[in-house]
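The values are calculated or read from the model by the stated rules, or taken from the named source; none is laboratory data. This structure is a prediction, so every number in the text was calculated from the model and none was measured. No Cβ is skipped: glycine too gets one built from the backbone with ideal geometry, and neighbour counts run over all protein chains shown. Side chains included, ligands, DNA and RNA excluded: accessible areas come from the protein's heavy atoms. Shrake-Rupley method; radii C 1.70, N 1.55, O 1.52, S 1.80 Å.
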Amino acid sequence: MAKRNNLLIFILTIGVFGILNTEMGVIGLLPSIADHFNVSISKAGWLVSVFALTIAVSGPTMPLLFSGINRKKVMLLVLGVFVLGNIVSIFTSNFTTLLIARIIPALFHPIYCSLAFTVAASSVSKEEAPKAVSKVFIGVSAGMVAGVPIASFINSAVSYEAAMAFFAIVNAIVFIATLIVVPSMPVEERVSYGTQLSVLKKSIIWISIVTVILLNSAIFGVYSYLAEYLKTVTNMSPNTITLTLFIFGGANIIGNIVAGRLLTHSAIKTVVSFPLILGAIYSILFFTGQFTIPMAILTFIWGVLAGGIMANINQYLIASSAPEAPDFANGLFISACNVGTTLGAAVGGLFISQIGTQYVVLVGILSLILSLVTILVRNYMYRPTKQLSKSA
């Protein structure tokens, strides 16, 4: 039984990696996509921002709509949609078709991710649930960070089409593994829509959502254009750009582990300190971004901080605000993250087209200043919430 559960969690982890990889891997291809489809870099950025905006809209609704259907069938449906979308992306020569081939899978994205957390938690005992969910988060982190340098490397070594094929192959492998290995999972206990939606009456959930939006905007407003920044501002070669993206990716996973441990010991200090330090890093980067070695060192520190914020801190902010509706909270977490990604990528593209690539760092700094305000408001609200729950 334990071996079967471990295999199930492994498949879910790879599945989440494939889904997130399709979403974020395109970041490393934006300069090539701009050339390939003869569009501007800011227009190519729509592939990130529109995908994320679609997830933001479908995040709270789609997991709810599919919550009563056999989980295996739902997972196969989502994976199948992603495989087809990836195949269309390989062969199309039209930018609008490419955009549509990303919008349709994006609608189904939150269903799989939300299900993965729920299924992982329910496949083990209550005590082991956090450990199981943290394993699935490795897939989220790897998809968000490793997908970019891997796609960038395949693109520079082979071609843009080969990089897109990589996304399709990963999702196809998970589809086959799910079909063969994962047992039928009918839904036995279903939490009513009303119970889940009632968490939206709490003001702390809304301030947490705004905070997550701002934090993700701070990261992806700059990171979405990192490949372009390294190319035009730092003047790195394609291979050095790929290596720098790998540095960011590896640092992200370290950040996940570090933030996870820090949150257990001192959640409030961790939530405040990570954005503060990231703001300092962005400020230094603004003045030293044209130098290769300082840029590589700053990218590593930035990666550690971003890794801690993107998954652990953002998830903590929303999950701790709605512990009575974990599934719906997962949907809200995914949605808020993607609103932030959309906002950041859109404003970042605007800064690049209006004042130049090196000024994209200012998007991150402005978002972090605003996020620190909302974090302080949330901390003030959360303390009485904790006291009430203790007295109850």
Of residues in the stretch 165-178 being closer than 14 Å to Gly25 by Cα and not aromatic (Phe, Trp, Tyr), the one most open to solvent (accessible area, probe 1.4 Å): Ile169
Selection count, the stretch 35-48, where residues are in contact with a helix residue (DSSP H, G or I) (Cβ under 7 Å, 6 or more places away or on another chain) and open to solvent by 10 Å² or more (accessible area, probe 1.4 Å): 7
Tally of residues being assigned to a loop (DSSP other than H, G, I, E, B) and either surrounded by 21 or more Cβ atoms within 10 Å (Cβ to Cβ) or within 16 Å of the chain's Cα centre (by Cα) (or both) across the stretch 67-96: 1
Matching residues in the stretch 134-159 - criterion: being outside any loop (DSSP other than H, G, I, E, B), farther than 15 Å from Ser32 by Cα, open to solvent by less than 60 Å² (accessible area, probe 1.4 Å) and not polar (S, T, N, Q): Val136, Phe137, Gly139, Val140, Ala142, Gly143, Met144, Val145, Gly147
Some residue of the stretch 101-117 being assigned to a helix (DSSP H, G or I), surrounded by fewer than 22 Cβ atoms within 10 Å (Cβ to Cβ) and among the aromatic types (Phe, Trp, Tyr): no
Number of positions in the stretch 38-86 that are among the hydroxyl-bearing types (Ser, Thr, Tyr) and either farther than 22 Å from Leu197 by Cα or touching a strand residue (DSSP E or B) at 6+ places or on another chain (Cβ under 9 Å) (or both): 3
Any pair with Cβ under 7 angstrom, 6 or more apart, that starts in the stretch 73-90 at a residue that is within 16 Å of Ala162 (Cβ to Cβ) and ends at one that is surrounded by 24 or more Cβ atoms within 10 Å (Cβ to Cβ) and of a type in the set (Val, Ile, Thr): Asn86/Thr22
Failed item in (1) out of contact with any Lys or Arg (no Cβ under 8 Å at 6 or more places or on another chain); (2) surrounded by 24 or more Cβ atoms within 10 Å (Cβ to Cβ), with Leu317 passing the rest: (1)
Enumeration of residues in the stretch 17-37 that are touching a residue at least 12 places away in the same chain (Cβ under 8 Å) and either under 13 Å from Ala177 (Cβ atoms) or more than 16 Å from the chain's Cα centre (by Cα) (or both): Phe17, Gly18, Leu29, Leu30, Pro31, Ser32, Ile33, His36, Phe37
Lone unmet requirement of (1) among the aliphatic types (A, V, I, L, M); (2) open to solvent by 10 Å² or more (accessible area, probe 1.4 Å); (3) modelled with pLDDT under 85 for Ala162: (3)
Matching helices (runs of 4 or more DSSP H) fully within the stretch 211-295 where at least 3 residues are touching a helix residue (DSSP H, G or I) at 6+ places or on another chain (Cβ under 7 Å), under 30 Å from Val133 (Cα atoms) and open to solvent by less than 60 Å² (accessible area, probe 1.4 Å): 238-265, 267-288
Contacts under 9 angstrom Cβ, first residue in the stretch 99-114 being closer than 19 Å to Ser67 by Cα, partner among the acidic types (Asp, Glu) and in a helix (DSSP H, G or I), 6 or more apart: Pro105/Glu23; Ala106/Glu23; His109/Glu23; Ser114/Asp327
Selected residue (only one of Ile365, Ile352 is over 29 Å from Leu115 (Cβ atoms), of a type in the set (Val, Ile, Thr) and buried (at least 22 other Cβ atoms within 10 Å of the Cβ)): Ile352
